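The values are calculated or read from the model by the stated rules, or taken from the named source; none is laboratory data. Since the model is a prediction, treat every value here as computed from it, not as a measurement. All Cβ positions, even for glycine, are placed from backbone atoms using ideal geometry, and neighbour counts span all protein chains on display. Keep in mind that these areas ignore ligands, DNA and RNA; they rest on the heavy atoms of the full protein, side chains included. Shrake-Rupley method; radii C 1.70, N 1.55, O 1.52, S 1.80 Å.
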Amino acid sequence: MGFDLVIRGATVVTPGHREAADIGIAGGRIAQLGGTMTGAEELAAGGLLAMPGGVDAHTHLVHQGLSDRLGFPVWVDDFWSGSRAAIAGGITTIGNMTYPVPDDEGREETPSAAITREMAGAAPEAAVDWFLHPILLHPAALAEGEVGALAERGHGSIKMFLSDPDLAADETTLLAAASAAKAAGSVTLLHCEDGAMLRQAGEKLIAEGRGAVVNFPDARPVAAEVAAVDQAIGIARRTGVRVYIVHLSSAAALDRCRRARAAGLPVYVETRPLYLHLTRERFAEPDAAKYAGAPPLREPSDREALWAGLAAGEVDTVCSDHAPWTLEAKLDPALNAVTARQGVADLETLMPMLYSEGVAAGRISLDQFVALTSANAARIFGLHPRKGTIAAGSDADIALWDPGHRRTIDGARMQSLSGYSVYDGWQVQGWPRFVVRRGQLVLADGQITARPGDGEWLRSGI
Ligand SMILES: [Zn+2]
């Protein structure tokens, strides 16, 4: 049978399965695995691993024009530069955080209005497939039915911040939002740092004259993360909603989640690359501010606990939390331990760094790598089996990985407009050579061949 594209000679890897098989692609989907086939185009992939394209469920891209309208600094990648960064690192699907912003009259948008705006902004820019997480900044102010209406439109998740002390103290509102998510079948994403404890720790540092950015980790202690994780677990217990803890950073918080999961509670755990590769001694460096992210970098024992958690299946996803700033914006001397700009660019480095430090270094298996970078996120957000696997009928999203490729990380030459990487100078082994998204070659021998607007919005969670 003749296909649009045949990938020849790769080793196909999905969780629990590995085989040398040709891949036949037709109409953007995988039509046949193994057996005799011919294609209008053929791609020689001998020696490469064929893995599902990454599903990075946690990014912060900002569509063009929005930052000018807002008048305050925002992250520097739009959906096009962010898509290029994703593709260059093997990712073919992203989940972006959609913030309500002030509308033309200065009033905060509803989450539905924010989603409408972001759908329109992302569509002409995105080259990866994408779904959106509506952020509920002030859920008490929303009309009843907002969460259900979002779910009906295909947005099957909500995100809230327990780092907001007023929201964290308003259990009635939190439980109402979580119950609405439960009723709609949506996932509740929670930023877990206790807002009251953060405020207290920050005020103490400033009062003691220790407000410099070098003390950023002390402004956001592990105890604050643990307290908020306990609150998140309580929300899962009391409402039955599926809770997804974003960017978990510490051994103590992971321990709480492990026990909750053992008790049968629907608690998912995400971590991000920062906590797997870097620890707080980075804050002794002169440009400490470039490492700021919330929660902050932790101790070596936390890093080891997270790696053990990946290997044990206690962490579901590794997502980038791609929140890119220029180095100049990060190092702004006016910022302190409380106001430091949070987040780093990590879309392009997420999979290669995890492969190098995880699979090549023997900390996790190739199966676990695939589960952590695509299959689990696809399942949690209702995209499986369209995404997150290589199987007949699934979208042909494939990262063809060269496991022997060696490269030195250099953010100045990468796709994100941030222009640097916190991993600059790291030597890594393993990088995608080709990336296929819905049957279209979007990375060819390291060159981006995608076009803006080629990405599709994905109905999630239903
Ligand atoms: Zn984030």
inquiry  = Which condition from (1) in contact with a Gly (Cβ under 9 Å, 6 or more places away or on another chain); (2) within 24 Å of residue 25 (Cβ to Cβ); (3) outside any helix (DSSP H, G or I) is the one that residue 379 breaks?
reply    = (3)
request  = Answer yes if at least one residue in region 96-116 is touching a strand residue (DSSP E or B) at 6+ places or on another chain (Cβ under 9 Å), farther than 24 Å from residue 293 by Cβ and free of Cβ contacts under 8 Å to residues at least 12 places away in the same chain, and no otherwise.
outcome  = yes
inquiry  = Just to be sure I understand, how many residues within region 394-431 are open to solvent by 40 Å² or more (accessible area, probe 1.4 Å) and part of a strand (DSSP E or B)?
reply    = 7
key: Test set (1) under 30 Å from residue 441 (Cβ atoms); (2) out of contact with any Asp or Glu (no Cβ under 8 Å at 6 or more places or on another chain); (3) more than 16 Å from the ligand (Cβ to nearest atom) - residue 97 fails condition number   = (3)
query = Out of region 377-393, which residues are surrounded by 20 or more Cβ atoms within 10 Å (Cβ to Cβ) and over 24 Å from residue 189 (Cβ atoms)?
reply = 390
query = When both residues are 6+ apart or on different chains and their Cβ atoms are under 8 Å apart, which pairs have a first residue that lies in region 40-59 and is free of Cβ contacts under 8 Å to residues at least 24 places away in the same chain, and a second that is in a loop (DSSP other than H, G, I, E, B) and within 16 Å of the ligand (Cβ to nearest atom)?
reply = none
ask   = Does region 207-234 hold any residues that are within 16 Å of the ligand (Cβ to nearest atom) and either assigned to a loop (DSSP other than H, G, I, E, B) or modelled with pLDDT under 95 (or both), and which are they?
value = 220
Total residues in region 66-84, condition in contact with an Asp or Glu (Cβ under 9 Å, 6 or more places away or on another chain), within 16 Å of the ligand (Cβ to nearest atom) and aliphatic (A, V, I, L, M) = 0
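Given the criterion open to solvent by 10 Å² or more (accessible area, probe 1.4 Å), away from the ligand (no atom under 16 Å from the Cβ) and under 19 Å from residue 454 (Cβ atoms), identify the matching residue among 138, 63. Spell out how you get there, then give the answer.
On the way: 138 fails: under 19 Å from residue 454 (Cβ atoms).
Criteria check complete, one pass: 63.
Among the listed residues 190, 278, identify the single one that is within 16 Å of the ligand (Cβ to nearest atom), under 19 Å from the mean Cα position of the chain (by Cα) and either surrounded by fewer than 19 Cβ atoms within 10 Å (Cβ to Cβ) or at pLDDT 95 or above (or both). Step through it out loud before you land on a result.
Numbers: 278 fails: within 16 Å of the ligand (Cβ to nearest atom).
190 is the lone residue from the list that is within 16 Å of the ligand (Cβ to nearest atom), under 19 Å from the mean Cα position of the chain (by Cα) and either surrounded by fewer than 19 Cβ atoms within 10 Å (Cβ to Cβ) or at pLDDT 95 or above (or both).
Do we find that residue 63 is touching a Lys or Arg at 6+ places or on another chain (Cβ under 9 Å) and over 24 Å from residue 366 (Cβ atoms) in this structure? Can you show your working first?
On the way: touching a Lys or Arg at 6+ places or on another chain (Cβ under 9 Å): yes; over 24 Å from residue 366 (Cβ atoms): yes.
Answer is yes for this residue.
Name the one entry in 256, 199, 237, 261 that is closer than 19 Å to residue 299 by Cα, open to solvent by 50 Å² or more (accessible area, probe 1.4 Å) and either in a helix (DSSP H, G or I) or within 16 Å of the ligand (Cβ to nearest atom) (or both). Working first, answer last.
Details: 199 fails: closer than 19 Å to residue 299 by Cα; 237 fails: closer than 19 Å to residue 299 by Cα; 261 fails: closer than 19 Å to residue 299 by Cα.
Answer to the check: 256.
Residues that are over 20 Å from the mean Cα position of the chain (by Cα) and surrounded by fewer than 24 Cβ atoms within 10 Å (Cβ to Cβ): list the helices (runs of 4 or more DSSP H) wholly contained in region 299-362 that include at least 1 such residues.
Values: elements: 300-312, 327-330, 350-354.
Where helices (runs of 4 or more DSSP H) fall fully within region 299-362 and carry at least 1 residues being over 20 Å from the mean Cα position of the chain (by Cα) and surrounded by fewer than 24 Cβ atoms within 10 Å (Cβ to Cβ), they are 300-312, 327-330.
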